[in-house]
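These notes are about the structure you will find just below.
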Amino acid sequence: MKNHVLPADKLETQLMKIVQIFSLILIVIGVMACKDEDDTPPPVDNTIVLSTFSPGTGNPGSSVTLMGSNFPDAENLQINFSSSEQSFTAAIFEHSATEVTTRVPADAKAGNCNITIIANNREYTYDASFEVTIPSLRVIAVSDTIIRQGESFTITTENLESPELVVVFNDNKEAALDILSFENQELTVVVSENFAP
């Protein structure tokens with residue numbers, strides 16, 4: 001077996017090639033590692049942050065402005081007014097990433113309720129509760145002061161949302177009058193033939 005010894009200058013050349021190849025491999029690995037980090041975008045935080053709403057009370061149909069941040073497009077957003085006894089979805093009238101204007105649902109009943117936003121498969125509920133108020137019914141005018149059996153008369157009202165009520169005479173529930181129609185805050189009532197005050 002013959003020992004093969006390289007001359008010093010060839011040995012130095014071979015070592016330089018090995019160092020250059022090794023250095024090149026390290027540089028390629030380093031560049032690839034840096035490139036992977038730079039190509040990964042930071043995660044997008046689409047969590048909705050709720051701040052407040054205004055006003056804190058309102059009648060059915062009144063406007064409420066919800067404030068916060070990261071509200072998604074209106075098509076991907078649902079607003080609910082709910083309590084233990086009721087839950088209603090509200091329509092969205094104006095929308096931005098920081099404000100949403102909605103209306104208290106027409107069927108909402110008086111009392112405190114939560115306002116919940118549903119978006120991105122999550123529910124977000126304001127800490128404070130919203131108070132649905134129903135304005136008091138007020139009689140403004142009665143068309144006639146003398147009314148006979150079988151005759152109808154008109155009662156003009158304010159804040160009457162539905163004619164689901166009973167019109168009585170002198171607090172006598174047995175002497176209820178029949179409601180013929182309700183339109184534009186005017187209630188038309190007839191005195192029945194067998195009415196006895």
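Of note:
- Whole-number accessible area per residue in Å² for segment 12-161, which is evaluated in the context of all protein chains at 1.4 Å: 67
- Residue 123 contributes an accessible area of around 130 Å² to the protein surface, as traced by a 1.4 Å probe with all chains present.
- Note on surface exposure: 96, 84 rank 84, 96 by accessible area, highest first, 1.4 Å probe.
- C-alpha center-to-center spacing [segment 106-133, segment 61-82] in angstrom: 10
The values are calculated or read from the model by the stated rules, or taken from the named source; none is laboratory data. The shown structure was predicted, so the numbers you read here are calculated from the model rather than taken from an experiment. These accessible areas exclude ligands, DNA and RNA; they are computed on the full protein's heavy atoms, side chains included. Shrake-Rupley method; radii C 1.70, N 1.55, O 1.52, S 1.80 Å.
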